[in-house]
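A.B. asks: After the structure tokens below, expect a handful of questions from me.
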Amino acid sequence: MYLIPAPTKLEEKEGSFLLTCETYLIVEPSCSWRVTGQAELFNAELKKILGYRAVLTRGRAKKEDVVIRLDPAAPAQSYILDIREDGITLSGGEQGLWHGMQTLRQILEQKGALLPCLHIEDRPDILNRGFYFDCTRGRIPKLEWLKELVDRMAYYKLNQLQLYIEHTYLFRGMTELWRDDTPLTAAEIMELDRYCLERGVELVPSLSSFGHLYKLLSTKEYAGLCELENAQEQPFSVRGRMTHHTINAADPESLTLIRGMIGEFMELFSSRQFNFCADETFDLGTGRAKKLVEEKGKDQVYTGFIRELAQFLVENGRRPMFWGDIIWEFPEKIREMPEETICLNWGYAWDQSEEPTRRMYEAGAVQYCCPGCCSWNELVPLNWNAYNNIKRMCTYAGKYGAIGVLNTDWGDYLHVSHPDFSAVGMIYGAAFSWNLNIPEYEEINRQISRIEYHDASEKLLETLAAIQGNTAFEWHSVCGFWEVKRGLKEFEKEYLQLFREELGLLEDVDAKNERLLQIERELYARIVSLDSDRRDRVMPYAVAVRGIRLFNEAGKAAAADAFGCTFPSMPDGWKLAKELETWLYHYKEVYRRISRESELRRIEALVCWYGDFLREG
């Protein structure tokens with residue numbers, strides 16, 4: 001039997017307990033009505049697992065009952081689960097009771113109604129365990145999927161969710177910002193907030209406020225507040241929107257605007273925290289704020305602007321958070337921030353150094369460690385990279401006393417990866433932040449295959465692991481070649497240089513494509529080992545693997561066009577174009593399962609462009 005996250009202490013005992021349709025599920029009067037509501041959610045899951053509910057009520061328990069009991073002396077997130085031959089007792093702190101219900105769910109899913117006797121004592125190593133999802137750079141999920149995400153998070157004992165927003169919320173009166181998109185509304189966010197609360201997840205607002213303001217600073221109304229003049233006249237670029245569009249910190253109107261947006265947005269959330277981001281301010285001091293930066297220094301201008309935003313949040317009863325990538329350069333400046341400020345210390349390399357975490361710790365920062373699912377810029381996430389990155393960052397969090405781990409799922413380069421694929425990385429983060437005794441890669445993958453995918457063979461993630469290393473035409477180069485050939489000049493040199501450096505990936509492209517064909521077959525063959533309610537999770541992977549293979553073939557044509565490269569076999573341009581366009585049809589089907597239209601049109605335009613390019617070759 002597997003449990004994710006692994007409990008702190010588990011003792012197996014002789015005997016079993018039979019949970020029947022006549023078994024009472026008792027919520028003792030010591031518990032709040034919130035716990036009773038969560039017991040109702042647990043009972044609904046019980047029906048899905050066993051085909052029937054227990055008899056739910058509040059009151060005093062008898063010996064043969066399943067009893068939920070609040071222990072006022074227990075730490076808030078701790079619980080003790082006792083399964084005996086004559087009953088089950090779940091006791092703990094209020095949040096811990098909910099976590100204990102998830103453990104019991106996992107036992108029920110694997111053992112059915114006849115539960116093995118055992119004793120579990122459990123509590124998290126890190127109290128704040130979050131997931132961060134990009135709802136801006138290409139993909140805005142449907143509310144139904146966001147609720148499914150929250151359910152999955154709760155199942156693995158995560159307790160914080162943040163959605164990255166730049167322009168994808170329906171700000172009142174700011175019509176230029178969202179007019180060509182499918183933004184989230186206030187009613188949807190408030191509904192999601194309530195849904196999270198019921199399931200022990202804090203929905204923390206996250207809003208870009210300094211860098212990464214492409215849509216805001218490209219509008220006619222607010223372009224004058226952009227650090228770079230005439231930035232709004234630049235054509236759209238997947239790289240350009242992440243590189244430029246820093247707000248002018250020298251203009252008092254910038255603070256007025258951002259405060260107004262934060263003020264409107266924060267009222268939708270029950271959370272008393274707010275992530276105002278402020279990351280990657282690449283252009284600061286290169287345009288309209290150049291004089292101010294020369295006078296005061298870049299560090300002073302940067303910290304002055306974010307200090308004002310942090311103080312605004314504190315004055316409004318919120319605890320500020322911000323990304324720490326800029327303040328790393330001058331960590332002593334963290335002391336100038338309000339003392340309750342949280343620095344979100346991110347790093348996404350598989351061999352991520354602990355140096356930034358150590359430096360911020362020594363500077364006195366209150367920090368989260370923020371790893372990543374390694375899903376961006378990929379059709380299928382790099383799970384091996386994610387495992388190693390998340391393992392390291394959780395370890396650093398424990399070593400340097402970080403108060404939280406926030407595991408990220410970004411959407412760079414059009415968010416092409418299907419968000420359901422990031423469930424694996426999300427579970428790594430949930431498991432490793434709860435229990436710092438981290439299992440080996442192959443072992444946690446077997447467990448995830450069984451628990452998340454209901455895979456009797458326990459080998460689905462082994463098949464997925466084989467995908468990594470078979471990409472020959474990297475997705476950023478797919479996007480870069482498309483932009484260069486369409487006449488976008490700003491990043492032409494960088495795109496072509498990166499593509500040239502990666503030409504070695506194409507040397508064994510035919511062997512890679514053979515492996516991808518075999519992996520695609522294996523994925524379809526594995527469907528039979530999954531429970532029927534999980535089988536729809538396989539087809540999106542198969543579609544993505546086919547996409548990698550087809551773009552590998554397109555990479556040959558791109559390399560021949562850009563650098564005059566030759567290969568033992570070249571694709572039939574017309575045939576490949578039709579295969580790519582057929583792939584696009586199925587990709588859009590998968591995309592629309594969980595996402596609004598958002599920027600699907602850009603992926604569609606990219607694939608159609610490649611179809612035309614291949615026919616002309």
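A.B. asks: Going toward the positive end of the dipole of the chain, with +1 on Lys and Arg Cβ and -1 on Asp and Glu Cβ, which of 429, 551, 154 do you reach last?
C.D. replies: Selected residue: 154.
A.B. asks: Assuming R0 = 35 Å, can you tell me the calculated FRET efficiency for the pair residue 608 and residue 395, based on Cβ-Cβ distance, to the nearest 0.05?
C.D. replies: On the way: r = 45 Å, r/R0 = 1.29.
The formula returns an efficiency of 0.20 here.
A.B. asks: Mind running the shape call on segment 352-495? Use the C-alpha gyration tensor, a ≥ b ≥ c as the square roots of the eigenvalues: rounded below 1.5 for a/c, prolate if a/b tops b/c, oblate otherwise.
C.D. replies: Details: a/c = 2.69, a/b = 1.22, b/c = 2.21.
The shape class here is oblate.
A.B. asks: For residue 578, give me every one of the lysines with a C-alpha distance below 16 angstrom, ignoring sequence neighbours fewer than eight places off in its own chain.
C.D. replies: Leaving aside lysines fewer than 8 places away in the same chain, those within reach of residue 578 are 588.
A.B. asks: Please give the length that would be gained between residue 62 and residue 566 if that part of the chain were fully extended, namely 0.36 nm times their separation in residues minus their C-alpha to C-alpha distance (nm, one decimal). Numbers along the way, then the final one.
C.D. replies: Values: separation 504, 0.36 × 504 = 181.44 nm, distance 7.78 nm.
Computed gain between residue 62 and residue 566 is 173.7 nm.
A.B. asks: Using Cα-Cα distances under 8 Å and only pairs 6 or more residues apart, what relative contact order does segment 1-130 have, in percent?
C.D. replies: With pairs under 8 Å counted, the relative contact order is 35 percent.
A.B. asks: Once you have the Cα-Cα distance between residue 176 and residue 229, take 0.36 nm times their residue separation minus that, and quote the gain in nm to one decimal. Don't skip to the end; give the middle numbers.
C.D. replies: Details: separation 53, 0.36 × 53 = 19.08 nm, distance 1.86 nm.
Difference between extended and current length: 17.2 nm.
A.B. asks: Cα to Cα, under 20 Å, and not fewer than 8 places away if on the same chain: which lysines meet these conditions relative to residue 47?
C.D. replies: 111, 147
A.B. asks: Here's a follow-up. Under 1.5 on a/c is rounded, so check that first for segment 1-114, then, if it is not, pick prolate when a/b is larger than b/c and oblate when it is not; a ≥ b ≥ c are the square roots of the alpha carbon gyration tensor eigenvalues. Let's see the in-between values first.
C.D. replies: Values: a/c = 1.38, a/b = 1.08, b/c = 1.27.
Verdict is rounded for segment 1-114.
A.B. asks: Report for the chain the percent antiparallel among DSSP-assigned beta bridges with both residues inside it, nearest 5. Don't skip to the end; give the middle numbers.
C.D. replies: On the way: 21 of 66 bridges.
Here the share of antiparallel DSSP bridges comes out near 30 percent.
A.B. asks: Here's another thing I want to ask about it. What list of whole percents do you get for P(r) of the chain, with Cα-Cα distances grouped in 10 Å bins up to the one holding the largest distance?
C.D. replies: Percent of pairs per bin, in order: 3, 15, 25, 26, 18, 9, 3, 0.
A.B. asks: Suppose R0 equals 25 Å; then what is the FRET efficiency for residue 335 and residue 267 from their Cβ-Cβ distance, rounded to the nearest 0.05?
C.D. replies: On the way: r = 30 Å, r/R0 = 1.21.
The pair residue 335/residue 267 has a calculated efficiency of 0.25.
A.B. asks: What do the square roots of 5 times the Cα gyration tensor eigenvalues come to for segment 194-247, in whole Å, largest first, as semi-axes of the equivalent ellipsoid? Please report the intermediate quantities before stating the final value.
C.D. replies: On the way: eigenvalues 200, 26, 16 Å².
Ellipsoid semi-axes (Å, largest first): 32, 12, 9.
A.B. asks: With a point put 7 Å past each Cα toward its Cβ, work out how far residue 299 is from residue 485 in nm, to one decimal.
C.D. replies: Simple spin-label model gives 4.7 nm for this pair.
A.B. asks: Roughly how far apart, in whole Å, are the Cα centres of segment 35-102 and segment 136-207?
C.D. replies: Centre-to-centre (Cα) distance: 29 Å.
A.B. asks: Residues in segment 16-43 near a label at residue 50, defined as backbone nitrogen under 12 Å from the 7 Å Cα→Cβ point?
C.D. replies: Residues passing the 12 Å test: 17-26, 43.
A.B. asks: Sequence neighbours fewer than 8 away in the same chain don't count; with that in mind, list the aspartates and glutamates whose C-alpha is under 14 Å from residue 556.
C.D. replies: 474, 502, 507, 508, 510, 572
A.B. asks: Also, I was wondering about something else. Using a 10 Å cut-off on Cβ atoms, rank the peptides 371-379, 523-531 from the highest mean neighbour count down.
C.D. replies: Numbers: 371-379: 26.4, 523-531: 15.9.
Result, highest mean Cβ count within 10 Å first: 371-379, 523-531.
A.B. asks: Next question. Compute the distance from the alpha-carbon center of segment 553-614 to that of segment 470-494, in whole Å.
C.D. replies: 13 Å
A.B. asks: Ignoring everything except DSSP H segments at least 4 long, calculate the 222 nm mean residue ellipticity for the chain; use -39,500 (n - 2.57) per segment, divide by total residues, nearest 500.
C.D. replies: Values: 20 runs with 268 residues, N = 617.
Result for the chain: -14000 deg cm²/dmol, rounded to the nearest 500.
A.B. asks: 7 Å from Cα along Cα→Cβ at both residue 443 and residue 593: what's the point-to-point distance in nm?
C.D. replies: 3.2 nm
Read-outs: derived from the displayed coordinates by stated rules, not from any lab. Fair warning: this is a prediction, and the values are worked out from it, not measured in the lab. Heads up, the Cβs are rebuilt from the backbone with ideal geometry, glycines too, and the neighbour counts pull from every protein chain shown.
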